[in-house]
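A.B. asks: Dropping a structure here in structure tokens format, bear with me for questions.
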Amino acid sequence: MTEQIQPVRGMNDVLPAEMAAWHAIETGARELLSGYGYQEIRVPVVERTELFKRAIGEHTDVVEKEMYTFVDQGGESLTLRPEGTAGVMRALISNGMLRGQRHKLWCAGPMFRHERPQKGRYRQFHQISVEAVGYVGPDVDIELIALCARLWRKLGLQRVRLEINSLGTAEARRAYRERLVEYLNAHHDQLDADSRRRLQGNPLRVLDSKNPEMRALIDGAPLLTEHLDPESHEHFQGVCTALEGLGIPFRVNPRLVRGLDYYSRTVFEWITDALGAQDAVCSGGRYDGLIAQLGGESTPGIGFAMGIERLVALLTQGGPCAAPSTADVYIVVSGPRASSFGLGLIERLRDELPGRRFELNLGGGNFKAQFRRADRSGAALAVIVGDDELQRGVAALKPLRRESGQSESPLSALAAAIESALAVAAAQT
Ligand code: ATP
Ligand code: MG
């Protein structure tokens, strides 16, 4: 046998059986975002490498070791997007959409990071990212968090909790950075290899270490929240007070620094205790300096991204969603005349009942086999067309989800008969 071609490690197929959960999240998010005035934007999966280096920061895990970067035939260095915000900001600049204007946008699609694949951590994964550009906050910060909370309620997700922090302004962070470096240098022997590397390039990222052996050291580090500039402090108080007012529970986590460099002031993460180590399902924050850093006119912004795979895992924890039905009506045909007649009949029914899903039995088979397929399709109703029925100008209707008898309808009135049989079936479930 010819050798099989293996899938790429860390890149998954999403199979039809998992689609119901994906759709629930995607549709739920799309409806809600539209209800909050957010518009969809789609940007390329590939961008110039320089964009991500500048936006995310040279000394981040993503840029240092996780990007899928390649040189194309024209000799340009390109990268598969590791996150969504940079591309969307680039699009706002490239299309001249800033100029003092405000935008509420969302973008969905695959992201690529060369991480170590494990449960909840993949090399191709999907995000819905949401961006509000031109809003200084804190009102928009709060509205975005409320939007997330509403989405979890809508999806029936209970085991997610909110952590927030403020990173202050770039200037405030510089002062804090000095204090932190002093502290980390004083404990240099206790730092792991990763943290020593981060200490050189980007000391704040040491606080983001996932190594449990670094926990105690990190807990003893000076707090960024104690070094906030007065405006950031006030901004953060505004967020906290409003969240309390809205009844959205949260915990201030002074160690929350986030993995990408572009954040300032408010940062937040929705965490679950139901997925093991990969516990963040949605994260984001304010990025007031990002657009200017990318060469656009200085404009504040805030956004977040949710990880669809992790949300799907949460949603399907109680077992997979019920297999969705693929048809409302299954047409069983028997006899040579009926088979060819069936194709015409079903096309006519699709015209007459455009909202209904029909599945015609394809490829023959005896009655028993056809009814087995009808059952698997999840249809509520089978329509049986045999040579005998055809001769009499009728079709038989048989409800599939309850014990009740078959009825007949003249072919000329079949569409109406199907509608009323489906209505009866729906009323009984
Ligand atoms: P983590 O701390 O888990 O590495 P992150 O801080 O790198 O997450 P972001 O870059 O903020 O995550 O991306 C937002 C969301 O995307 C995360 O909260 C998570 O749900 C999801 N996500 C990030 N990386 C992956 C991945 N490799 N596989 C699956 N989902 C991911
Ligand atoms: Mg990460």
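The values are calculated or read from the model by the stated rules, or taken from the named source; none is laboratory data. The model shown is predicted, which means the values in this text are computed figures rather than measured ones. FYI the Cβ positions are ideal-geometry reconstructions off the backbone, even for glycines, and counts take in every protein chain you see. In case anyone asks, the SASA skips ligands and DNA or RNA and just uses the protein heavy atoms, side chains included. Shrake-Rupley method; radii C 1.70, N 1.55, O 1.52, S 1.80 Å.
A.B. asks: Once neighbouring chains are kept in place and the probe is 1.4 Å, which whole percent of the accessible area of the chain is contributed by carbon and sulfur?
C.D. replies: After summing per-atom areas, the C and S share lands at 51 percent.
A.B. asks: To continue, here is another question. So for the range 33-83, Kirkwood radius off the Cα pairs, Stokes-Einstein at 37 °C and 0.692 mPa s: how many µm² s⁻¹? Walk me through the intermediate numbers first.
C.D. replies: Details: Rh = 12.4 Å.
Reported coefficient: 265 µm²/s.
A.B. asks: Considering Cα pairs under 8 angstrom that are at least six residues apart, work out the relative contact order of the range 329-423 and quote it in whole percent.
C.D. replies: On the way: 137 pairs, mean separation 27.6, N = 95.
It rounds to 29 percent for the range 329-423.
A.B. asks: What share of all Cα pairs of the chain, in percent, falls into each consecutive 20 Å distance bin?
C.D. replies: Here the calculated profile for the chain is 22, 42, 24, 11, 1.
A.B. asks: Taking square-rooted eigenvalues a ≥ b ≥ c of the alpha carbon gyration tensor, is the range 1-42 rounded, prolate or oblate, where a/c under 1.5 means rounded and, failing that, a/b exceeding b/c means prolate? Working shown, then result.
C.D. replies: On the way: a/c = 5.08, a/b = 2.68, b/c = 1.90.
The shape class here is prolate.
A.B. asks: Given a cut-off of 19 Å, what percent of all Cα-Cα pairs of the range 1-88 lie beyond it?
C.D. replies: 62
A.B. asks: Let me ask another. When every alpha-carbon pair in the range 329-423 is counted, what percent end up more than 22 Å apart? Working shown, then result.
C.D. replies: Numbers: 761 of 4465 pairs.
Percentage above 22 Å: 17.
A.B. asks: Once you put a point 7 Å from the Cα of GLU419 and another 7 Å from the Cα of ILE93, both along the Cβ direction, what distance in nm separates them?
C.D. replies: Placing both labels 7 Å beyond Cα along the Cβ direction yields 5.6 nm.
A.B. asks: Could you let me know the centre-to-centre spacing of the range 388-411 and the range 142-162, using Cα atoms, in angstrom?
C.D. replies: For the range 388-411 versus the range 142-162, the Cα centre distance is 48 Å.
A.B. asks: With the Cα gyration tensor of the range 295-383 giving a ≥ b ≥ c as the square roots of its eigenvalues, does the rule (a/c under 1.5 for rounded; else a/b larger than b/c for prolate; else oblate) give rounded, prolate or oblate?
C.D. replies: Numbers: a/c = 4.51, a/b = 2.23, b/c = 2.02.
Since a/c reaches 1.5 and a/b is larger than b/c, the shape of the range 295-383 is classed as prolate.
A.B. asks: Sticking with this one: Under 24 Å between C-alpha atoms is the cut-off here; go through the chain and count lysine pairs that meet it, provided they're at least eight residues apart or on different chains.
C.D. replies: 7
A.B. asks: Given 20 °C and 1.002 mPa s, how large is the Stokes-Einstein diffusion coefficient of the range 253-409 in µm²/s, with Rh as the Kirkwood radius over Cα pairs?
C.D. replies: 104
A.B. asks: Over the chain, what is the relative contact order in whole percent, taking alpha-carbon pairs under 8 Å and six or more residues apart?
C.D. replies: Taking the mean separation of contacting Cα pairs over the length of the chain, I get 15 percent.
A.B. asks: Another question, then. Going from most exposed to least, what order do VAL252, VAL267 have by accessible area with a 1.4 Å probe?
C.D. replies: So the residues, ranked largest to smallest area, are VAL252, VAL267.
A.B. asks: Accessible area per residue for the range 297-408 in Å², computed with a 1.4 Å probe and the full protein assembly in place, what is it?
C.D. replies: Result: 50 Å² of accessible area for each residue.
A.B. asks: Find the all-direction average of the projected area of the Cα convex hull for the range 85-173, expressing the result in square nanometres with one decimal place.
C.D. replies: Value for the range 85-173: 8.5 nm².
A.B. asks: Roughly how much of TRP22 is accessible, in Å² to the nearest 10, using a 1.4 Å probe?
C.D. replies: Spelled out: TRP22, probe radius 1.4 Å, area about 20 Å².
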